Amino acid sequence: GEPGKGGTTPVPEIPGYRPEVPSVTPDKPGEDTPVKYVPIENAKYSLTERFVDEEGNEISPSVVKGTDYEEGSEYDVTGDAKVIDGYYLKETSNTTGKFGKGDMTATFTYAKLGKVVPVDPEGNPIPDVPNPQYPNVPGEPGKGG
């Protein structure tokens, strides 16, 4: 019965958010009404570290560093590289950064340590002789001893 007015309108439900008002009754029915929503609780995300060879095969068990990170949280797990027997750390990916909306995975990629290969004067491997593998350097995942 009042053609110059807008009626009370409930605001939509948005999962994970709470509106500041339950409904809107416009003073100016021809204008849009912004409604602020606040997060009910910030979502929590996890950070997992993977230790893999160059083919992506796991060579040491993955480690979950935490499950309570929020969007915008910064992280730096570069120092978590470890010495893995017979391998050296070749590269890392996603070991520093900032959380978005989702879980993060930091990857430490390792390659096999080399060996000593005795050869004759022409460079041919000498058969039936030991080929000792380089040892790991304690505390230095990117080096062979």
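The values are calculated or read from the model by the stated rules, or taken from the named source; none is laboratory data. For clarity, every value in this text was computed on a predicted model and none was experimentally measured. All Cβ positions, glycine included, derive from the backbone under ideal geometry; neighbour counts span all protein chains shown.
Can you report the number of residues in segment 35-64 which are aliphatic (A, V, I, L, M) and under 13 Å from the mean Cα position of the chain (by Cα)?
3
Just checking, how many residues over segment 90-106 are surrounded by fewer than 12 Cβ atoms within 10 Å (Cβ to Cβ), assigned to a loop (DSSP other than H, G, I, E, B) and either touching a Leu at 6+ places or on another chain (Cβ under 8 Å) or charged (D, E, K, R) (or both)?
Here the count works out to 1.
With the condition kept exactly as written, say whether any residue in segment 2-14 is among the hydroxyl-bearing types (Ser, Thr, Tyr), free of Cβ contacts under 8 Å to residues at least 12 places away in the same chain and either assigned to a loop (DSSP other than H, G, I, E, B) or farther than 29 Å from VAL83 by Cβ (or both).
Scanning segment 2-14 turns up no residue that is among the hydroxyl-bearing types (Ser, Thr, Tyr), free of Cβ contacts under 8 Å to residues at least 12 places away in the same chain and either assigned to a loop (DSSP other than H, G, I, E, B) or farther than 29 Å from VAL83 by Cβ (or both).
Keeping to segment 50-85, report how many residues are touching a residue at least 24 places away in the same chain (Cβ under 8 Å), surrounded by 14 or more Cβ atoms within 10 Å (Cβ to Cβ) and not charged (D, E, K, R).
Residues that pass the stated criteria total 11.
For GLY144, are the conditions met, namely being surrounded by fewer than 13 Cβ atoms within 10 Å (Cβ to Cβ), among the small types (Gly, Ala, Ser) and modelled with pLDDT under 95?
Answer is no for this residue.
Taking only pairs six or more apart or across chains, which ones have beta-carbon atoms under 8 Å, a first residue in segment 106-122 that is under 13 Å from ASN57 (Cβ atoms) and modelled with pLDDT under 95, and a second residue that is surrounded by 11 or more Cβ atoms within 10 Å (Cβ to Cβ) and not polar (S, T, N, Q)?
none
Could you tell me which residue of segment 15-34 is nearest to GLY72 (Cα to Cα), considering only residues that are assigned to a loop (DSSP other than H, G, I, E, B), at pLDDT 80 or above and under 37 Å from the mean Cα position of the chain (by Cα)?
Out of the qualifying residues, it is GLU20.
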